[in-house]
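The values are calculated or read from the model by the stated rules, or taken from the named source; none is laboratory data. This structure is a prediction, so every number in the text was calculated from the model and none was measured. Cβ placement follows ideal geometry from the backbone for every residue including glycine, while neighbour counts extend to all protein chains displayed. The protein model used for the area step is the full one, side chains on, heavy atoms only, and it has no ligands, DNA or RNA in it. Shrake-Rupley method; radii C 1.70, N 1.55, O 1.52, S 1.80 Å.
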Amino acid sequence: MLALLIAAIVTAWVGYMLYKKYKPQGVLFSAGIILMLCAVIFGTGTILPAKQSTGFIWFDIFDAVKRLMSDRLAGLGLTIMSIGGFVRYMEQCGANRAMVELSTYPLKLVKSPLIVMMVAYIIGQIVDIFVPSHAGLGLLLMLTMYPILIKAGLSKLTSVAIIATAKFTDIGPISSNAILAAHNAGLDPVTYFLQYQLPVVIPSIIVVGIAHYFIQPWWDRREGDLREEIQQTTTEQAATQEEMPPRIYAILPTLPLILVITFCPLFIKSIKMDVITAMLICTVVAMFFEFIRFRQVRPVLDNVMTFFDGMGKQFIIVVSLIVCAETFAMGLVKVGAVDALIQGAQSAGLGLRATVLIVSIIMVACSFIMGSGNASFFAFAGLAPKIAAILKVEPVLILLPMEITAGFGRCMSPITAAIVAIAGIAGVSPFQVAKRCAIPVALGLIANIIATFVIFL
């Protein structure tokens, strides 16, 4: 009981500090250290096995964190940083914009506003796989898709809600959440994507799309359909000021996904291709495209720095968050809270389905409060293998619902960075956008949990 009490107090403090907009890295790292200090002071857990101990228990706390950092930076961290570098290079050379621009072209051929809305929704779900950032994808779609939706006769809030839910799940082998889940499950990211993510996400995508079709017109009638002719907005000005790259650039962001899927164990076993190698190959291919475009060596070589700049930003934003979140998770384990919680669940007779349901609800609530699917999932992902071991199931069965449902909570939160950003561009309230997303996403969540139960549990 003491371990659970300590964990509850520290976790409540973490939630309060995150609600007050403190940086999650500092909060989670501090909480992890505090929990391990409590484990030593109250004797509720062991920090390191005797063979790994430094010989001084207080130093063991920091040695445990060092071991965690070494493991994450060399493997998972490098993978995420390479993805960040490639995505940043795609942004710099305009390839991401070319892909979205080409993807949204069919919208211009459709006349019915509701059909335009549904086509836009489907395009958003497809492009989601190639752009791992929720905010980045939202801003890209606001630049290219939003003016088309308004011109088609859709209201501002309907248009923004469709764009906000383009990434209500974190799927694909280049998503940082998916990579972490696959890593902790001991799976290849492509295998995790094709065999686990897609089967449970497709029903949700269908349900959310159908819900949008009926819910958004209902909201327009209820709140007043504020349709307007598109004018010379900031979005259009930005589009005219930036030179559009050649259309063939649209293929570049898709190349890593093509490589890792083609050479994954499910298809071609004789050739091994990991995410990092794919990112490096595709960056070199993009450099070749840039050389053909500019016919100069200097700009091509100089622009490669954006790849390393993107790697650095991913370390600052994502990898640091993973390390700090896992420090917090390690603290929960070391203080003995997880063991006590699982023993209590076993005593209560909770099975795998009940555990998955509770974990899913917790993830949705945390993502909603934090406004971030990354922060909530990273904080608890490290606990999943231990929970799975107690329940005697594969870790992926706990990680999958945790990782997927984190995105649902984020898309219903008015403090999510992507929703705040795109709402600001459209000149609407993020609370109104979150309200427009809430019913479709909630129905999608129910569909996801049912699909998970039917297919895997």
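Structural remarks
- Accessible surface of region 3-122, 1.4 Å probe, proportion on carbon and sulfur as whole %: 68 percent
- Listed cross-link partners LYS23/LYS51; LYS108/LYS272; LYS108/LYS167 are compared with a 32 Å cut-off, the Cα-Cα value being larger for LYS23/LYS51; LYS108/LYS272.
- For region 1-87, trypsin sites (Lys or Arg not before Pro) are listed when DSSP marks them as loop and at most 15 other Cβ atoms sit within 10 Å of their Cβ; the list is LYS20, LYS21, LYS51.
- Over all other residues within a Cβ to Cβ distance under 12 Å of SER360, the charged ones net out to 0, with Lys and Arg as +1 and Asp and Glu as -1.
- Neighbourhood net charge (14 Å Cβ-Cβ; Lys/Arg +1, Asp/Glu -1) for LYS66: -2
- Computed with a 1.4 Å probe over protein heavy atoms only, the accessible surface of region 1-145 comes to 46 Å² per residue.
- Loop-located chymotrypsin sites (Phe, Trp or Tyr not before Pro) in region 9-93, at most 14 other Cβ atoms within 10 Å (DSSP): TYR22, PHE56
- Across region 196-205, coupling constants 3J(HN,Hα) worked out from phi with the 6.51/-1.76/1.60 Karplus curve, θ = phi - 60°, read 10, 5, 4, x, 8, 8, 4, x, 5, 4 Hz, and Gly and Pro carry x.
- Computed from backbone phi, the HN-Hα couplings of region 442-457 come to 4, 5, x, 4, 4, 4, 5, 5, 5, 4, 4, 5, 5, 7, 10, 10 Hz, rounded to whole numbers (Karplus: 6.51 cos²θ - 1.76 cosθ + 1.60, θ = phi - 60°; Gly and Pro given as x).
- [x] 1.18; [y] 0.96; [z] 1.01, with the label sought being that of the calculated Cα Rg over 2.2 N^0.38 Å: [z]
- Shape of region 140-206 from the C-alpha gyration tensor: prolate (a/c of 1.5 or more and a/b above b/c, with a ≥ b ≥ c the square roots of its eigenvalues).
- Per residue of the chain, the DSSP helices (runs of n ≥ 4 H) give a summed -39500 (n - 2.57) that works out to -22500 deg cm²/dmol at 222 nm.
- Reachable lysines from LYS20, criterion Cα separation under 20 angstrom, eight or more residues apart if same chain: none
- Taken per residue, the accessible surface of region 276-427 reaches 40 Å², heavy atoms only and a 1.4 Å probe.
- For region 260-323, the gyration tensor built on C-alpha atoms gives an oblate shape. Its axis ratio a/c (a ≥ b ≥ c) is at least 1.5, and a/b is not larger than b/c.
- Bridgeable lysines around LYS111 (alpha carbons under 24 Å apart, same-chain partners fewer than 8 residues away excluded): LYS151, LYS156.
- Rounded to the nearest Hz, the phi-derived 3J(HN,Hα) couplings of region 86-96 under the Karplus curve 6.51 cos²θ - 1.76 cosθ + 1.60 (θ = phi - 60°) are 5, 4, 5, 5, 5, 5, 5, 8, x, 5, 4, where x marks glycine and proline.
- Sum of side-chain charges, VAL433 neighbourhood, beta-carbon under 13 Å (Lys, Arg +1; Asp, Glu -1): +3
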